[in-house]
Each structure stands twice: as structure tokens, then as C-alpha cells.
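The values are calculated or read from the model by the stated rules, or taken from the named source; none is laboratory data. Remember, predicted model here, so these are calculated numbers, not experimental data. No Cβ is skipped: glycine too gets one built from the backbone with ideal geometry, and neighbour counts run over all protein chains shown. Remember, those area values only see protein heavy atoms, side chains included, never the ligands or the DNA or RNA. Shrake-Rupley method; radii C 1.70, N 1.55, O 1.52, S 1.80 Å.
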Amino acid sequence: MESRILYTPRMRRRKKRISRRAIFAFLVVFLAASILGGIVYLLRYPAWQITEISLSGFERVAPADVEAKIWEDLRGTRAFVLPRGSYFLFDAAVSEEKILKNFPRLESVTIKKEFPSKISVVAKEREFWAIYCAGESGR
């Protein structure tokens, strides 16, 4: 007598293979995050932070006040990550405008960045040629 039971091999579960698209997307995201992390690291690198300011050309305007204004521009961060005091992120033109606005006695200000961590400020003060007094008459 023959058996009527039919034995079939067990169904093997197929392992889900990760698609090439998913691997490519993961690699692109990982590469982008690595590049951005490297850029942030380099911008925060201590040797490339502005630590020294040299001032020249000041006679009547107090150099300490101008230096304090510049340090105010260098303090803090942008977007909670990028330091304002980084050599590469410091904008000399904006700082020049702020100094000229806050110190009207200055005719011109030139700020030069010197790699890796220094800036030089050269100022020219206005020359006064007359004094105008508007007061009460002596009557």
C-alpha cells in the first residue's frame, strides 16, 4: 500500500534584500553629514579664531572703544553652530560700517584680516578746520 501523504519541502523565507536605492540614499546622506561636520569642525578650529586685534591711527577716539565694538561683532555664533570669531566668517566690511556709524569722528576705517588669527584696524580721523559755537548773546 502506498502512502497518500505528500511531503513538500518547507517554504524558505526569503530574506529581504536591501535595495540599491536605499544603500545609495544612505551613502549620500552619510557623505553629506560628514562633509558638513568637517566644515563646522574647521570653522571652529581654535587656531583659525580671531584672537588678536592691532589698532593704529587713533588720536582722539579711544582705541579701546573701537576694539570693544569689534569684539562685540566677534562674539557669539551663527545658526547655533558657526562661530562669528572665525577668520573665514568675519566680515570686515560690515564691521567697518558699524565702526564708522558709531564713531562719527572717524573719516575712514580699514580692517584687514591677517591669516590665521589677527585683524588690523587702520583709522583716519577727521581734521577739524573750524569751531562753530551757537550760544546766547551776552546781553
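The table below gives the values:
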read-out	value
Output for the stretch 23-53, where each listed residue is of a type in the set (Ser, Thr, Tyr), under 13 Å from the mean Cα position of the chain (by Cα) and part of a loop (DSSP other than H, G, I, E, B)	45
Cross-chain or 6+ apart pairs with Cβ under 9 Å, the stretch 16-44 first and over 30 Å from residue 77 (Cβ atoms), then in a helix (DSSP H, G or I)	18/26
The stretch 76-97 - residue that is part of a loop (DSSP other than H, G, I, E, B) and free of Cβ contacts under 8 Å to residues at least 40 places away in the same chain and, of those, nearest to the chain's Cα centre (by Cα)	84
Breaking point among (1) touching a residue at least 60 places away in the same chain (Cβ under 8 Å); (2) β-branched (Val, Ile, Thr); (3) within 22 Å of residue 116 (Cβ to Cβ), for residue 61	(3)
Evaluation of residue 73 against (1) out of contact with any strand residue (DSSP E or B) (no Cβ under 9 Å at 6 or more places or on another chain); (2) in contact (Cβ under 8 Å) with a residue 12 or more places away in the chain; (3) open to solvent by 40 Å² or more (accessible area, probe 1.4 Å) (one fails), failing number	(3)
Flag for residue 100 being under 24 Å from residue 121 (Cα atoms), touching a Leu at 6+ places or on another chain (Cβ under 9 Å) and part of a helix (DSSP H, G or I)	yes
